[in-house]
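Here is the structure we will look at.
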Amino acid sequence: MSFQFLLLENIGATRIITINRPDQMNALNKATIEELHTAFEDAEADEHVRAIILTGAGEKAFVAGADIKEFASFSVEQGMELSLLGHEQLFNFVERLNTPVIAAVNGYAFGGGLELAMSCHMRVASSNAVMGLPEVSLGVIPGYGGTQRLPRLVGRGKATELIVTAGRLSAADALQWGLVNHVVELEALMQFTTDLAGKIEKLSPSAISSALRAVQAGFDSESVGLKAEAEEFGKCFGTEDFKEGTTAFMEKRKPTFTGK
Ligand code: COA
């Protein structure tokens, strides 16, 4: 199967999925999200695939977020729908796979990019990686699970600080916060991640699937928070701050927010 925005490769029993829009920092447009859904579904259905690695093409970005240019003109309803569909097609979908998914975070992971990495079961970052949820700097909030998965991974206080300050975390800080499992040099990232996947390949696929389902079951109550997130995300699309934030991004200038 061939994709417009993805590259696929098999190493041993590991499927490597690479998001390939480097000129747009691998931003997640609608088509890329749909392709990722299909690629993950195919990998899960293939009994020869024992582990999946997700990474971004190029040396600058894992994924720099949802595609701001694509959603800038959306209404409140379209905003909420964008979030709900994203959960269903990609973010919840990946988290609930029976095949372990490792994010190889090879550069910027902002907004939907960090949310995608957090939906994966494990994260390895390169030392040049920078992570954050900068949505409030655009007049919106994380809408792909970030308000739920970041507090779970790093604790409520640190998560809230990162979200409300639109802060950026270095790879070293992300390691210290527990947001990523390992940090390695960029040149070593794919080898390290493939070696980690190689350890999984040798173990019982049925027991590993059971372990993933059991871990996930402990977090199933999050659906309430994800629904609230989608509603709040949608509401942002009706504000002047959202129009100002997204317009400023596209005009490559700093926004001026009024709170309206
Ligand atoms: N959505 C759409 N396009 C994006 C994007 C996004 N999330 N992130 C980057 N791009 C595009 C830029 O608009 C630019 O396109 P252009 O060449 O057509 O103008 C291209 O990718 C390169 O990005 P640029 O900003 O020029 O690169 P940079 O190295 O100066 O900065 C980032 C890289 C990641 C720091 C910067 O692009 C950025 O802040 N992106 C947005 C991050 C964000 O807010 N994500 C949350 C989205 S909800």
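The values are calculated or read from the model by the stated rules, or taken from the named source; none is laboratory data. The structure presented is a predicted model; accordingly, all values stated were derived computationally and were not measured. Counting neighbours? That spans all protein chains shown, and the Cβs are built from the backbone with ideal geometry, glycine included. Surface accessibility is based on the protein's heavy atoms, side chains included, excluding ligands, DNA and RNA. Shrake-Rupley method; radii C 1.70, N 1.55, O 1.52, S 1.80 Å.
Figures for the structure shown
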| read-out | value |
| --- | --- |
| Carbon and sulfur %, accessible surface of the chain computed with the full protein complex present, 1.4 Å | 55 percent |
| Average accessible area per residue (Å²) across the chain - probe 1.4 Å, nucleic acids and ligands excluded | 46 Å² |
| Computed magnitude of the charge dipole of the chain (debye, nearest 20; Cβ of K, R +1, Cβ of D, E -1) | 620 debye |
| Given charges at Cβ of Lys, Arg, Asp, Glu: the chain dipole, positive-most of A171, I19, S83 | A171 |
| Counting all C-alpha pairs of the chain, share separated by more than 22 Å (%) | 52 percent |
| Farthest positive-ward along segment 6-188 dipole, Cα basis, beta-carbon charges - from F110, N29, L162 | L162 |
| Long-range amide H partners of Y108 with built H, under 5 Å | A61, F62, V130 |
| Under 23 Å from K158, Cα to Cα: lysines that are on another chain or at least 8 residues apart | K227 |
| Rounded tilt (10° steps) of 189-201 against the dominant C-alpha axis of the chain | 50 degrees |
| Segment 215-260-segment 85-116 distance, computed between alpha-carbon centres (Å) | 18 Å |
| All lysines inside 29 Å of K199 as judged from Cα atoms, apart from same-chain residues fewer than 8 positions distant | K60 |
| Cα Rg over Rh - segment 113-217, Kirkwood | 1.01 |
